[in-house]
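Structure record follows, encoded as structure tokens.
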Amino acid sequence: MQKTVYEDRKYCMQDVGNIYLGTLYTLGEILENEEISFKIRLVTERYLLPEADREDTLETYLYYLPGDSFAVQIFKQLKAKVKVNLIETGKSLFGKKKPGYVTKLMTVEQLSAMSREEKEKKGVVIQELSVNKLALMAF
């Protein structure tokens, strides 16, 4: 019998300009996974882990990241963006206002500028972190 493990939002993909990481990776798993770029593992070890625990997922780390943190400056240098689901009120086909989830791409600075209460009110779910490859080469 084969055991299957459901690992949604636990992936690493690349295209020409960016590297995309699923946010269910823990910081410790990022360090141990050989499929993830060496530079991302290096940034995680040197700059993110001194402020966090190895068992923190990337999602919780980004969710609770304070705006004045040094890690925000690191993500700014990496031109990192996060794919986020938010609850927003939009119009339906018949003109009624109806709340629903919307996927948005925002910078880490914009996400960390939101207060915890604001994130809870909007139902923020962080799906993915994308890092610019060219900016990553500068590290």
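Coordinate-derived values only; no laboratory data. Predicted model only: the values in this text are computed from it and were never measured. A quick note on method: Cβ atoms are made from the backbone with ideal geometry, for glycine too, and the neighbour counts reach across all protein chains shown.
Of the trypsin sites (Lys or Arg not before Pro) in segment 1-105, which ones lie in a loop per DSSP and count no more than 14 other C-beta atoms within 10 Å?
Details: sites: Lys3, Arg9, Lys10, Lys39, Arg41, Arg46, Arg54, Lys76, Lys79, Lys81, Lys83, Lys91, Lys96, Lys97, Lys104; in loops: Lys3, Arg9, Lys10, Arg54, Lys79, Lys96.
In loop regions of segment 1-105 (DSSP not H, G, I, E or B), the sparsely surrounded trypsin sites (Lys or Arg not before Pro) are Lys3, Arg54, Lys96.
Among the lysines, select those whose C-alpha is under 19 Å from the C-alpha of Lys79, and discard any that sit fewer than 8 residues away in the same chain.
The qualifying lysines are Lys39, Lys104, Lys133.
Modelling each spin label as a point 7 Å along the Cα-to-Cβ direction, I'd like the Ser69/Gln110 distance in nm, to one decimal.
Taking the two extended label points, one gets 1.9 nm.
Tell me, what ³J(HN,Hα) does each residue in segment 107-113 have, in order and in whole Hz, if you take phi through Karplus 6.51 cos²θ - 1.76 cosθ + 1.60 with θ = phi - 60° and put x for Gly and Pro?
For segment 107-113, the Karplus-derived couplings read 7, 5, 5, 5, 5, 6, 6 Hz, x marking Gly and Pro.
How long are the three semi-axes of the equivalent ellipsoid for segment 12-133, computed from the Cα gyration tensor as the root of 5 times each eigenvalue, in whole Å, largest first?
Here the semi-axes work out to 28, 16, 12 Å.
What aspartates and glutamates does Lys76 reach when the alpha-carbon gap must be under 15 Å and sequence neighbours fewer than 8 apart in one chain are set aside?
Excluding near neighbours in sequence, the set is Asp68, Glu109.
Report the GluC sites (Glu not before Pro) located in segment 35-139 that are in a DSSP loop and have at most 10 other Cβ atoms inside 10 Å of their Cβ, or state none.
Glu35, Glu55
Counting Lys and Arg as +1 and Asp and Glu as -1, each charge on the Cβ, what is the dipole of segment 12-133 about the Cα centre in debye, to the nearest 20?
For this selection, approximately 880 debye.
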